[in-house]
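Peer 1: Following this message is one structure expressed as C-alpha cells.
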Amino acid sequence: MNNLPRVSRQTWRFSKDIRILGSGVATGPLEGDGPLGKEFDCVFEDNYASEDSWEKAERKMLGKAVDAALQKARLTGEDIDVMLAGDLLNQIITSNYTARGLDLPLLGLFGACSTSMEGLAIAASLVEGGFVRYALTGCSSHNSTAERQFRYPTEYGGQKPPYAQWTVTGAGASVVGVGTAGPRITHATIGKVTDMGIKDPFDMGTAMAPAAADTIMKHFQDLNITPDYYDLIVTGDLGKVGYAILKDMLKDAGYEMSPHYRDCGMMIYRQDQDVFSGGSGCASSAVVTYSHIMNGLCSGKYQRVLVVATGALFSPVSFQQGESIPCIAHGVAMERVLA
Amino acid sequence: MAGNQSMQKTGWKWSKEGYAKHAEQYKPKKPVAFNCLKAFTIGGLICALGQGITNFYIAFFGFTEQNAGNPTVATLIFLAVLLTGFGVYDNIGQFAGAGSAVPVTGFANSVASAAIEHRSEGWVLGVGGNMFKLAGAVIVYGVVAAFFVALVKKLWFLIF
C-alpha cells in the first residue's frame with residue numbers, strides 16, 4: 001500500500017500527526033439526564049437555555065461547545081484559521097450566527113446529521129494540506145427547531161410511530177491541528193449519496209442504514225481491514241431499527257460487526273426516556289464523539305474508533321412532493337497515541 | 001464490489017428493489033388494536049366530558065338542549081388550548097392518537113400549537129400567518145364537503 005493521502009476515490013489517509021486538540025459538548029436537559037450526561041461540558045437546565053427562542057438556544061449551545069473546545073485545546077479564537085460548521089436549519093443559521101460572534105473565517109457545511117464527520121474530515125484535510133494551522137469544527141441540532149422545520153409544531157398532539165426518532169438537543173465542537181496531545185485522526189471515508197427508495201420521514205433508520213453500510217464497507221475494503229481492527233465503531237443516528245438493519249446487512253456482506261458496533265442515537269438516552277427508536281440530528285454523533293469517545297481515546301478505554309455519521313438529505317418540500325429520502329454517511333477513523 | 005454502488009448492486013439480498021419490503025421486518029409494529037382501544041377510550045372520555053358540560057349549562061345557566069352546544073364547544077376549546085399551552089396536550093395526543101385528534105379539542109390544539117410555535121416570528125406574520133397552517137386544510141375541505149353535501153341535498157328535494 002502506498003502512503004499517498006488519496007487511498008481511493010473515497011478514502012483519505014492523513015500522514016501528519018493531526019490531533020483533536022480539544023473538544024466541547026453542550027446539551028439540553030434530557031440529554032444531560034442520559035447515561036453519558038456526566039461527560040458533557042455543559043448541560044442546560046431548560047431547552048430554551050434562558051433565551052427567548054429555540055433558535056437562539058441552539059446558537060448558545062454551539063457557542064458553549066466551541067468555548068469548551070477552545071479552552072481544552074488551550075487556544076483562543078485568534079489561533080483558529082477556519083471554522084467548519086453546519087446544522088439542520090434553513091440556510092444553516094445556527095452556524096452562521098455563531099460564527100458572526102466569533103470573528104472567524106467560516107466554511108458553512110450542510111450534510112444533515114452527517115455534518116459532524118464531514119466537518120472533521122475536511123478540517124483534518126485542510127491541516128494536512130497546510131492551508132490552516134488550527135481548524136475549528138462543530139455542529140448542532142435542537143429538538144424543537146428541527147421538529148418545527150421538518151415536522152409539526154412541538155405542542156401539536158399527533159401520534160408518532162414507535163420507529164420514529166428524537167432529535168438530540170445539543171452541540172459539539174472540536175479543534176483540529178498538528179499537535180502532541182489528543183486522539184489522532186488517521187483516515188476519513190467520504191460517503192456517496194445512497195437512496196433505497198424509503199419515503200417515510202419518520203423512518204430515518206431504515207433510510208440511512210444502507211448509506212452507512214456502504215461507507216463502512218468501502219472503508220474496510222480500501223484499507224484492507226476488518227471490523228475487529230477497531231475496538232469501537234459507531235454510527236451517528238440510525239436508532240434501534242437502522243442499527244439492526246446495518247448489522248445484518250454487513251453480516252451478509254461478510255463483516256461481523258456485533259462486538260464493536262454501537263449507535264450514538266442509542267447511547268445518548270436511557271431505555272426509559274421515551275425517545276422511540278433513539279436519538280437523531282447533527283448533535284447525536286457530535287455529542288457522543290466529542291465527549292464519551294474523546295474521553296475513551298484519551299483514557300485508554302478505546303484504542304481505535306471509527307465514527308460514521310449518517311445523514312438524511314431530504315427537505316420538508318421534497319418529501320411532501322413524494323420524493324424518496326437520499327442519505328449519506330461519512331466515516332472518520334481516530335486512534336489513541338501513547339505519549 | 002469495487003467501484004460500483006456496492007449497496008445497490010442488483011441480485012443481492014439487500015438490493016434497492018426489495019429493500020423497503022425486506023427492511024419492514026426490523027420496524028417495531030404499531031400496536032394497532034391497542035391504539036384503537038386507547039383512542040376509543042380517550043375519545044369517549046372527551047365526549048363524555050362534553051356531555052357533562054352541556055348538562056351543566058342546561059341545569060345551571062338556562063340553556064336548552066339546542067343552544068347549549070355553543071358554550072360547550074367554547075369550553076372544550078378553552079381547555080384544549082390551556083393544556084396545549086402547558087405542554088400537556090401533545091403527551092395526551094401521543095397516548096390517545098385519533099382519540100384526542102378527532103374531537104374539537106384536537107382542532108383547537110392544532111391551531112394553538114401552531115400559534116405558540118410561530119410566536120417568535122411576530123404577531124402578524126408569525127402567529128397570524130401560521131395559526132391555520134395545520135387547521136387550514138380541515139377548514140378548506142370541511143367547507144368544500146359541506147357545500148357539496150348541501151348541493152346534493154337541495155337537488156334531491158327539488159327532483160323528488
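The values are calculated or read from the model by the stated rules, or taken from the named source; none is laboratory data. Just so it is clear, the model here is predicted, and its values are computed rather than measured. No Cβ is skipped: glycine too gets one built from the backbone with ideal geometry, and neighbour counts run over all protein chains shown. Calculation scope for accessible area: heavy atoms of the full protein, side chains included, ligands and nucleic acids excluded. Shrake-Rupley method; radii C 1.70, N 1.55, O 1.52, S 1.80 Å.
Peer 1: Peptide B:47-53: average number of partner chain Cβ atoms within 10 Å per residue? Please report the intermediate quantities before stating the final value.
Peer 2: Values: counts 0, 0, 0, 0, 0, 0, 0.
Whole-number average of other-chain Cβ neighbours for B:47-53 is 0.
Peer 1: List the lysines whose Cα lies under 20 Å from the Cα of B:Lys133, skipping any in the same chain that are fewer than 8 positions away.
Peer 2: In chain and number order, the partners are A:Lys160.
Peer 1: Distance in nm between label sites at B:Val144 and B:Leu49, each 7 Å beyond Cα in the beta-carbon direction?
Peer 2: In this crude spin-label approximation the distance works out to 3.2 nm.
Peer 1: Using a 4.7 Å cut-off between beta carbons, which cysteines in chain A end up with no partner cysteine at all?
Peer 2: A:Cys42, A:Cys113, A:Cys264, A:Cys298, A:Cys327
Peer 1: Taking the Cβ of A:Leu297 as the center, what net charge do the other residues with Cβ under 15 Å away carry, scoring Lys and Arg +1 and Asp and Glu -1? List each step's numbers first, then the result.
Peer 2: Working: positive: A:Arg19, A:Lys72, A:Arg184, A:Arg262, A:Lys301, A:Arg304, A:Arg336; negative: A:Asp17, A:Glu39, A:Asp231, A:Glu335.
Its environment carries a net charge of +3.
Peer 1: If a paramagnetic tag sat 7 Å from the Cα of A:Gln91 along the Cα-Cβ line, which residues of the stretch A:128-157 would have the backbone N under 17 Å from that point?
Peer 2: A:149
Peer 1: Under a straight-distance cross-link criterion of Cα-Cα below 19 Å, which aspartates and glutamates are reachable from B:Lys13, leaving out those fewer than 8 residues away in the same chain?
Peer 2: Within the straight-line cut-off, B:Lys13 pairs with A:Asp195, A:Asp214, A:Asp248, A:Asp252, A:Glu256, B:Glu24.
Peer 1: Also, I was wondering about something else. Looking at the square roots a ≥ b ≥ c of the eigenvalues of the Cα gyration tensor of the stretch A:142-265, which shape do they give, rounded for a/c under 1.5, prolate if a/b is larger than b/c, or oblate?
Peer 2: oblate
Peer 1: Using heavy-atom solvent-accessible surface (probe 1.4 Å) with all chains present, what is the largest-first order of A:Trp166, B:Trp123?
Peer 2: B:Trp123, A:Trp166
Peer 1: Between the stretch A:64-108 and the stretch A:1-27, what's the alpha-carbon centroid distance in Å?
Peer 2: 20
Peer 1: Mind checking which of B:Lys16, B:Lys38, B:Lys30 has the largest fluctuation in a GNM of chain B, springs on alpha carbons under 10 Å?
Peer 2: Result for chain B, Cα springs under 10 Å: B:Lys16 fluctuates most.
Peer 1: Can you give the accessible area per residue of the stretch B:70-160, in Å², using a 1.4 Å probe?
Peer 2: 61
Peer 1: Sticking with this one: Within chain A, which DSSP H helices have Cα atoms that stretch 15 Å or more along the helix axis and a mean Kyte-Doolittle hydropathy of at least 0.0?
Peer 2: Taking the DSSP H segments of chain A (at least 15 Å long, mean hydropathy at least 0.0), we get A:115-128, A:204-223.
Peer 1: Debye calculation, C-alpha points only, no solvent: report log10 I(q)/I(0) for the protein assembly as shown at q = 0.10, 0.11, 0.13 Å⁻¹, in the same order as the q values.
Peer 2: Cα-only, vacuum Debye calculation for the protein assembly as shown: -0.79, -0.92, -1.19.
Peer 1: Another one. Students often get this wrong: which residues of the stretch B:20-34 have the backbone nitrogen under 12 Å from the point 7 angstrom along Cα-to-C-beta of A:Asp252?
Peer 2: Residues B:20-26 fall inside that zone.
Peer 1: Sequence neighbours fewer than 8 away in the same chain don't count; with that in mind, list the lysines whose C-alpha is under 24 Å from B:Lys16.
Peer 2: A:Lys192, A:Lys199, A:Lys218, A:Lys240, A:Lys247, A:Lys251, B:Lys27, B:Lys29
Peer 1: Sticking with this one: Obtain the nm distance between the two label points defined at A:Thr226 and A:Phe131 by a simple spin-label model: each point lies 7 Å from its Cα along the Cα-to-C-beta direction.
Peer 2: 3.8
Peer 1: OK, next. With solvent modelled as a 1.4 Å probe, how much accessible area in total do chains B and A shield from it at their shared surface, in Å² to the nearest 100?
Peer 2: That pair hides around 3400 Å² of surface in total.
Peer 1: What do you get for the angle between helix B:104-117 and the principal long axis of chain B? Use alpha-carbon atoms, 0 to 90 degrees, nearest ten.
Peer 2: 70
Peer 1: Answer rounded, prolate or oblate for the stretch A:28-101, using the Cα gyration tensor with square roots of eigenvalues a ≥ b ≥ c: rounded when a/c is under 1.5, else prolate when a/b is larger than b/c, else oblate.
Peer 2: Details: a/c = 2.09, a/b = 1.19, b/c = 1.76.
The shape class here is oblate.
Peer 1: In addition: Want the number for A:Leu4 to A:Asn295: 0.36 nm per residue separation, take away the alpha-carbon distance, what's left?
Peer 2: Gain on stretching A:Leu4 to A:Asn295: 101.8 nm.
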